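The values are calculated or read from the model by the stated rules, or taken from the named source; none is laboratory data. Everything numeric here is computed off the predicted structure, so don't read it as measured data. Here the Cβ positions follow ideal geometry from the backbone for every residue, glycine too, while neighbour counts run over all protein chains shown.
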Amino acid sequence: MPENSYSETPGFPDSDISEYSGHTHLADILPQSMYVVDASGRMIRWSPWFRDRIVGVSDAEMASIDFLELIHPEDRELVTQRMRKILDQGVQDTLEVRIFLKGGPAFRWFLLMANRFEHEGRFFITGTGIDITRLKKAGMAMMSGEQRYRSIFEQADAPVFITGTDGAIVYVSPAFEKITGYSFQECEGRPFNQFCDETAPGGTTLSMFSDVISDASTIREHEITIRKKNGSSCYVELKLQRYYDNRTEGAIGVLYDLTQRKRLESLTEFRLGLLQQAETASVEEIMQKALDEAEMLTDSSFGFIFFLSADSASSSRCIWSSRVRDQMQAMSEQNVHHPFDVKPFLKETIESGRAVIVNEYPEMGHVGFPSHHPRISSTLSVPIIEQGKVVAVLQVFNKRSPYNNNDAQWVGTLADLVWDIVVRKRAAQAEMRNQSILLQIQKMELIGQLAGGIAHDFNNMLGVILGNTELALSSGDLDPSVEDNLHEIYQAAERSAEMTSQLLAFARKQTAMPRVIEIDETIADSLPILQRVAGEKIVIDWQPVCEECKLHIDPSQLDQILMNLCLNARDAMNGSGKIVIETKRVRIGASQHNGGNFMPPGNYAMLSVTDTGLGIADSHKPHIFEPFFTTKVLGKGTGLGLSSVYGLVKQNRGFVDFESEEGKGSTFRVYLPLHKKRNALGLENGAMSDEPEQTSILVVEDEPEILNLCRMMLEKSGFTVYAASCPSEAIVLAEENSGKIDLLLTDVVMPEMNGTDLSSKLSTISPGFRVLFMSGYSADVVASHGVENPLVNVIRKPFTFKALADKVRETLEVE
């Protein structure tokens, strides 16, 4: 084979140009790479230039080379795809690739142009390669020949258009057709400025065009707005410069889509503005602004955000955008949007947890819409996810062009950004709420300290007034006017004692005064105030079925338990419904347990409160008795109601459980141990001697007035009293009357030693007596002086004649 000819392949015709009349083979005179490969990529024919300059091997070696071996590894997959496309579809294709020089590693950039050739039923690829390495390094995309330029434009992602000197369009790239929606036939011959959204005549584009036509070296750049075929618009950057080729002279323009950048700038600006307003704006206002921004980003007609749970961040389950009322034209007379079920729109988004696009909404989607509601042609639904769970859905409707994944991505980014602000705001609100609660607790603590500080002296004085007044009233033959005056004094002292008690109760430091009560009687007395608190639309059904259910409890604590349970029931029913209060006598066996609570065996009075409210969600049940846990909106609840019920029940050696199902109401059951009595000698009830003179009481009080008053009260009740004004005197009396003392009635805070230490000292001298402490201090102060159970074996000052006598007799009875 001559050196300067194509290689021969059997069965493939020689297309040489005959060497006559001074002509040589065409491949010998063209300074470019020409080649033919078969369907498997094997080299069939090649030009000497390609063989010598590029491959650098002999003809024999060329015949065994796979064409892909000459291609840079990073470009081989692309070349393989394009070769398959040419063979399968018979199209002409161009491609910029890197080809190794003489085996590599050095390479050159080539623009390959190839087509399919058929011979005897077999397909081959004929190709031509042009070295564009210098153009690549120089950053130029222009090649000699209009067709080569056009091939680059066809592959470019950036929209390109070419105009004549009169500004009329003569070429648009496929990317231009894609971004505007206009085909080349619709653009050809029209001035480019007709596609620009410019209101003023002689706008920016005409000025740019005039500049580049008058000066070939001028390149103009400017941001403009393109008006699409569907009526929407988008931001682009236009770069315009002079252009000419063999057939056209005019200007060439390249458009760079700024939609993403503008969206990012808008989101950034929106986020900064939202952060500035977040402190004062409500959650609903924040979400409203997010909807408006989503509509603007996607060019949608309207939208809404739907929260999946009633205890959402917003007080409303569905928030509409600010344009909705004007756009939908479906307002009621109360200026509220007509309701319709939005859930069918959200089903797929909620179930999949991803954005859903519907660009051709089915007719069935309009069923159930109110009259005058606009037709829905397309929707974009984006889930708002918190801790892996869909908590809300943001949905926009009726974009003028179809929604795409880019819209979903930006709206999703917006939703995440806004929800992050909402979560932060909720956390800040929760922190503020906790701080408010903490401040309230601290205030209550300070008031408690103040109340405890004044209670001792003030209650001592009230005790003297009450006791002496009561003793005076018990004497006979009083002048009626004097008796009236004594009654007034007594009533004023009682009111003063109640004020002290209320002050301590406000600080939650009042001393409990447990006594034996009949549970049905106590509840019956509370019904009128419970009904007033519940409201007129709530029916309270009282079912007293507990026979002789006596409890040893402070009546105010039982009232507090019942009140908190009824308030909880009222709130669960949103103002109307039925509350059933029931009592029963129950027996708990040794092996019974309830809801994980250990229940000591024995007889209990069961108090149940049942409502017809919304019920309790399963996710809330583990936290229902936790302090400060509440499902109410901010400012509507403290979260202390049920926790205080739990604490009071436990304090009285009981337990509490509940049953609830969403939509079917709740039942809370409180179990309190029934009271059992036996006397100080271990005898059955009624066996105690009726002769009070057999009972001796040692009274120890450092306040002379109180000491004298107690002595007179107890002696008047028939007890034998030994009075001591200090602990040392009490020790002497105990030594003198060892074994005769049945009860020690002592103040807690005294000089020399406190009441607890005194009782321990006296028990070694005269064992077997009961102890009853008396104090005007709060329960925590009493407990700090060693009293193990300040809520049981303490009588709070000031006390009345009857209260002291009843407490003494109660203490002499053993639980």
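Put simply, of 469, 500 the only residue that is at pLDDT below 70, farther than 30 Å from residue 674 by Cα and either among the charged types (D, E, K, R) or surrounded by 14 or more Cβ atoms within 10 Å (Cβ to Cβ) (or both) is 500. Take segment 165-188 and flag every residue that is of a type outside the set (A, V, I, L, M), at negative phi and either within 50 Å of the chain's Cα centre (by Cα) or not assigned by TED's automatic domain parsing to the domain that holds residue 215 (or both). Once the filter is applied, which keeps residues that are of a type outside the set (A, V, I, L, M), at negative phi and either within 50 Å of the chain's Cα centre (by Cα) or not assigned by TED's automatic domain parsing to the domain that holds residue 215 (or both), segment 165-188 yields 173, 174, 176, 177, 178, 180, 182, 183.
Residue-wise test of (1) crowded, with 21+ Cβ neighbours inside 10 Å; (2) modelled with pLDDT under 85; (3) of a type in the set (S, T, N, Q); (4) within 17 Å of residue 287 (Cβ to Cβ).
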| position | (1), (2), (3), (4) |
| --- | --- |
| 366 | no, yes, no, no |
| 382 | yes, no, no, yes |
| 409 | no, yes, yes, no |
| 412 | no, yes, no, yes |
| 416 | no, yes, no, yes |
| 431 | no, yes, no, no |
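Could you check, for segment 477-490, whether at least one of its residues is at pLDDT below 75, under 20 Å from residue 710 (Cβ atoms) and crowded, with 16+ Cβ neighbours inside 10 Å? Scanning segment 477-490 turns up no residue that is at pLDDT below 75, under 20 Å from residue 710 (Cβ atoms) and crowded, with 16+ Cβ neighbours inside 10 Å. I'd like to check something: does segment 748-769 contain any residue that is free of Cβ contacts under 8 Å to residues at least 60 places away in the same chain, crowded, with 19+ Cβ neighbours inside 10 Å and closer than 17 Å to residue 805 by Cα? No: zero hits.
One line per residue, one yes/no per condition, for (1) touching a helix residue (DSSP H, G or I) at 6+ places or on another chain (Cβ under 7 Å); (2) within 23 Å of residue 652 (Cα to Cα); (3) at pLDDT below 85:
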site: 567; (1), (2), (3): yes, yes, no
site: 578; (1), (2), (3): no, no, no
site: 585; (1), (2), (3): no, yes, no
site: 589; (1), (2), (3): no, yes, yes
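Taking the criterion of being within 14 Å of residue 578 (Cβ to Cβ), in a strand (DSSP E or B) and in contact with a Gly (Cβ under 9 Å, 6 or more places away or on another chain), the residues of segment 599-618 that qualify are 610, 611. Here segment 30-52 is the region considered, the condition is being out of contact with any strand residue (DSSP E or B) (no Cβ under 8 Å at 6 or more places or on another chain) and outside any loop (DSSP other than H, G, I, E, B), and the residue that is surrounded by the most Cβ atoms within 10 Å (Cβ to Cβ) is 51. As for segment 152-167, it holds no residue that is over 17 Å from residue 95 (Cα atoms) and either assigned to a helix (DSSP H, G or I) or modelled with pLDDT under 75 (or both). Residues in segment 208-264 that are β-branched (Val, Ile, Thr), at pLDDT below 80 and assigned to a loop (DSSP other than H, G, I, E, B): 1 in all.
Per the listing 295, 249, the residue uniquely within 30 Å of residue 167 (Cβ to Cβ) and either assigned by TED's automatic domain parsing to the domain that holds residue 173 or in contact (Cβ under 8 Å) with a residue 12 or more places away in the chain (or both) is 249. Would you confirm, using the coordinates I've provided, whether residue 331 is surrounded by fewer than 19 Cβ atoms within 10 Å (Cβ to Cβ), among the aliphatic types (A, V, I, L, M) and modelled with pLDDT under 75? Judged against the criteria, residue 331 is a match.
Applying the criterion of being aliphatic (A, V, I, L, M) and part of a helix (DSSP H, G or I) to the residues of segment 53-80, the residue that is farthest from residue 111 (Cα to Cα) is 60.
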